[in-house]
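Visitor: Provided herewith is a single structure, encoded as structure tokens, for subsequent inquiry.
The values are calculated or read from the model by the stated rules, or taken from the named source; none is laboratory data. Small disclaimer: the values here were computed from a predicted structure and weren't measured. All Cβ positions, even for glycine, are placed from backbone atoms using ideal geometry, and neighbour counts span all protein chains on display.
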Amino acid sequence: MPARNHKRWKDVPGQLREGEYIDSRIYSDRDIFEEELTKIWKKSWVAVCHESEIPQPFDFRTTTIAREPIIVTRGPDGQVRAFLNVCPHRGNTIENRPSGSFRDGTASGAPRHMTCMFHGWQFDMKGNCAHISREKEGYQNRLSRSDVGLRRLRCEVHFGGFVWVTLNDGIGKTVEEWGAGCFDCLQEHVDAEPLEVFHYHKAIIHANYKLWHDTNSEFYHDYLHYHNRITGFNDAYFARQNTGFDNGHVTVGSFEVQYDKYEGFESRESLSFPGLPPNHWYMIDMFPGVNFNLRGSALRCDIMTPLAPDRVLIEFRGLGLKSDTPEERMSRIRHHNSIWGPFGRNLHEDLLAVTTQQAAMNEHAEPRRILHGRQENSTIHDEVGMRHFYDEWGRWMNRRPSDPEKPYAAAA
Ligand code: FES
Ligand SMILES: [Fe+2]
């Protein structure tokens, strides 16, 4: 078969049908990106951190969801709460540090309060306004502290102690309901005892967030990963099941990884998460952009924050058991880093793939077909997981992934 001419290059190849290919413009178009923030990211539950990162009363972390600044705090009552990190006075960002504690005072902050450094207004850990500088002199009886609390956001600690926040007050679902059963495969292993984050790093990747999500959810690209080929490719690997759940989530079933086939690596058996069979490996991809990956002795969680059509901030966390001895913790860290650390086996291979994909799909590139058409009885190299994700995307956006200028229609 000769190379295709310009007209045929634009055609859908072979017999592929709606849902089995998508239009590359959904990875680069600025209007579509803005619409995604509004229609998807401002409407869904988003994991923002883990409870072990704010263990003490008055601890906090800041982040953003769809560009809105968010602060998560732990109150003196132990409860985790989330607020817009925006001052009701003149709209300043209240807290600029990525994390810390409000327990002790600072040069421009009162102890046990969130203090806006601009004019010194203070807020307690429930978001109530506790102090307005020279309140009576300026506002007399026209404004009181009870009028100007922080904007509280719905927040739940769920699924292994992760902190979930939504900007959508009317979401109508708990985090459990949002998960629609997708977390069942991990629940007993991550909820048996408290977990603790032992690894954190973040990076801005030059790729659309959906491309990163794709590499997390499809395993056909294990041809890219030398480690996975060596430790994986056997009958049990090829039989792993992809399962779709409501709200766009996908799981990948488990099998026993042969870690000792990779020179220098070792079995994870002695440090298996509670109830997990030795060296098993489960994966959950939750819509629109969080990935949980349990490989025997270490849980990995990647949380995406889209910044632009071709930029995504990813926060990478590794977790072990809070009860780990120092020796156990060191082994878990070694196991985690050998796969996902900056010098580990897999992470940089994924990074290379998504950034070179994006480079060919810049906003000035001509539209092209991205194929999601592998069908293998929903096993590991079937691209059903991506089809499920993009069908959900189309529904939320009311756009057809294969032709974003047309309204959504369920694939046949
Ligand atoms: S903007 Fe926050 S105190 Fe004025
Ligand atoms: Fe990968």
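Visitor: Are any of the residues in region 183-198 free of Cβ contacts under 8 Å to residues at least 60 places away in the same chain and of a type in the set (A, V, I, L, M, F, W, C)? Don't jump to the end; show me each part of the working.
Guide: Applying the first criterion (free of Cβ contacts under 8 Å to residues at least 60 places away in the same chain) to region 183-198 yields 184, 187, 191.
From what's left, of a type in the set (A, V, I, L, M, F, W, C): none.
Looking through region 183-198, none of the residues is free of Cβ contacts under 8 Å to residues at least 60 places away in the same chain and of a type in the set (A, V, I, L, M, F, W, C).
Visitor: May I ask you to verify whether ASP391 is among the acidic types (Asp, Glu), touching a strand residue (DSSP E or B) at 6+ places or on another chain (Cβ under 9 Å) and part of a loop (DSSP other than H, G, I, E, B)?
Guide: Details: among the acidic types (Asp, Glu): yes; touching a strand residue (DSSP E or B) at 6+ places or on another chain (Cβ under 9 Å): yes; part of a loop (DSSP other than H, G, I, E, B): no.
No; evaluated as a whole, the condition is false for this residue.
Visitor: Residues to consider are PHE316, PHE245, PHE255; find the one that is touching a Lys or Arg at 6+ places or on another chain (Cβ under 9 Å), more than 16 Å from ligand 1 (Cβ to nearest atom) and modelled with pLDDT of 95 or more.
Guide: Working: PHE245 fails: touching a Lys or Arg at 6+ places or on another chain (Cβ under 9 Å); PHE255 fails: modelled with pLDDT of 95 or more.
After applying the criteria, what remains is PHE316.
Visitor: Then there is this: Quick one: in region 337-378, which of the residues that are among the β-branched types (Val, Ile, Thr) and within 15 Å of ligand 2 (Cβ to nearest atom) is farthest from the chain's Cα centre (by Cα)? Give the derivation first.
Guide: Within region 337-378, the first condition is being among the β-branched types (Val, Ile, Thr), and the residues that meet it are 339, 354-356, 370.
Pick out the ones that are also within 15 Å of ligand 2 (Cβ to nearest atom) and you get 339, 354-356.
Details: ILE339: 18, VAL354: 16, THR355: 18, THR356: 21 Å.
Among those that are among the β-branched types (Val, Ile, Thr) and within 15 Å of ligand 2 (Cβ to nearest atom), it is THR356.
Visitor: Name the pairs whose Cβ atoms lie under 9 Å apart, with the first residue in region 141-154 and under 17 Å from HIS113 (Cβ atoms), the second polar (S, T, N, Q), and 6 or more positions between them or separate chains?
Guide: Cβ pairs passing all conditions: ARG145/ASN128; SER146/ASN128; GLY149/ASN128; LEU150/ASN85; LEU150/ASN128.
Visitor: Would you be able to tell me the number of residues in region 203-247 that are of a type in the set (Val, Ile, Thr), more than 10 Å from ligand 2 (Cβ to nearest atom) and surrounded by 14 or more Cβ atoms within 10 Å (Cβ to Cβ)? Working first, answer last.
Guide: Here is the first cut: in region 203-247, the residues of a type in the set (Val, Ile, Thr) are 204-205, 215, 230-231, 243.
If we keep only those that are more than 10 Å from ligand 2 (Cβ to nearest atom) as well, we get 204-205, 230-231, 243.
Then drop every residue that is not surrounded by 14 or more Cβ atoms within 10 Å (Cβ to Cβ), which leaves 205, 230-231, 243.
Within region 203-247, residues that are of a type in the set (Val, Ile, Thr), more than 10 Å from ligand 2 (Cβ to nearest atom) and surrounded by 14 or more Cβ atoms within 10 Å (Cβ to Cβ) number 4.
Visitor: Name the single residue that is nearest to ligand 2 (Cβ to nearest atom) among those in region 45-91 being part of a loop (DSSP other than H, G, I, E, B) and polar (S, T, N, Q). Walk me through it before giving the result.
Guide: Within region 45-91, the first condition is being part of a loop (DSSP other than H, G, I, E, B), and the residues that meet it are 45, 54-58, 66-67, 75-79, 85, 87-91.
Adding the requirement that they be polar (S, T, N, Q) leaves 56, 79, 85.
Values: GLN56: 36, GLN79: 37, ASN85: 33 Å.
Among those that are part of a loop (DSSP other than H, G, I, E, B) and polar (S, T, N, Q), it is ASN85.
Visitor: Select from region 198-257 the residues that are part of a strand (DSSP E or B) and of a type in the set (A, V, I, L, M) and list them in ascending order.
Guide: The initial filter retains those residues of region 198-257 that are part of a strand (DSSP E or B), namely 198-205, 241-244, 250-252, 256.
Scanning region 198-257 gives ALA203, ILE204, ILE205, VAL250, VAL252.
Visitor: Quick check on PRO76: is it out of contact with any Leu (no Cβ under 6 Å at 6 or more places or on another chain), more than 16 Å from ligand 1 (Cβ to nearest atom) and not assigned by TED's automatic domain parsing to the domain that holds TYR209?
Guide: Numbers: out of contact with any Leu (no Cβ under 6 Å at 6 or more places or on another chain): yes; more than 16 Å from ligand 1 (Cβ to nearest atom): yes; not assigned by TED's automatic domain parsing to the domain that holds TYR209: yes.
Against the criterion (out of contact with any Leu (no Cβ under 6 Å at 6 or more places or on another chain), more than 16 Å from ligand 1 (Cβ to nearest atom) and not assigned by TED's automatic domain parsing to the domain that holds TYR209), PRO76 qualifies.
Visitor: Separate question: Could you tell me whether any residue of region 329-336 is within 16 Å of ligand 2 (Cβ to nearest atom), in contact (Cβ under 8 Å) with a residue 40 or more places away in the chain and not basic (Lys, Arg)? Give the derivation first.
Guide: Going through region 329-336, the residues within 16 Å of ligand 2 (Cβ to nearest atom) turn out to be 336.
This time we only want the ones that are in contact (Cβ under 8 Å) with a residue 40 or more places away in the chain, so: 336.
Among the residues that remain, those that are also not basic (Lys, Arg) are: 336.
Yes, that holds for at least one residue.
Visitor: Assess whether GLY373 counts as being closer than 26 Å to VAL163 by Cα, touching a residue at least 24 places away in the same chain (Cβ under 8 Å) and of a type in the set (Gly, Ala, Ser). Give the steps one after another, and end with the answer.
Guide: Details: closer than 26 Å to VAL163 by Cα: no; touching a residue at least 24 places away in the same chain (Cβ under 8 Å): yes; of a type in the set (Gly, Ala, Ser): yes.
Judged against the criteria, GLY373 is not a match.
Visitor: While we're here: Given the structure, is ARG317 crowded, with 21+ Cβ neighbours inside 10 Å and charged (D, E, K, R)?
Guide: Details: crowded, with 21+ Cβ neighbours inside 10 Å: yes; charged (D, E, K, R): yes.
Criteria met by ARG317.
Visitor: Is it fair to say SER108 is over 30 Å from ASP191 (Cα atoms) and modelled with pLDDT of 95 or more? Talk me through it step by step, then tell me what you get.
Guide: Working: over 30 Å from ASP191 (Cα atoms): yes; modelled with pLDDT of 95 or more: no.
When the stated conditions are applied, SER108 does not pass them.
Visitor: Restricting to region 92-121, count the residues that are outside any loop (DSSP other than H, G, I, E, B), free of Cβ contacts under 8 Å to residues at least 40 places away in the same chain and surrounded by fewer than 20 Cβ atoms within 10 Å (Cβ to Cβ).
Guide: Going residue by residue through region 92-121, those that are outside any loop (DSSP other than H, G, I, E, B) are 93, 99-101, 106, 109, 114-115.
Right, trim to free of Cβ contacts under 8 Å to residues at least 40 places away in the same chain and you get 93, 106, 109, 115.
In the following step, the residues that additionally are surrounded by fewer than 20 Cβ atoms within 10 Å (Cβ to Cβ) were identified as 93, 106, 109.
Adding up the residues that qualify gives 3.
This table checks each residue for (1) within 18 Å of the chain's Cα centre (by Cα); (2) of a type in the set (A, V, I, L, M, F, W, C); (3) in the same structural domain as THR115 (by TED's automatic domain parsing).
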residue	(1), (2), (3)
ARG4	no, no, no
GLN15	no, no, no
GLY19	no, no, no
ILE22	no, yes, no
ARG25	no, no, no
GLU35	no, no, no
ILE40	yes, yes, no
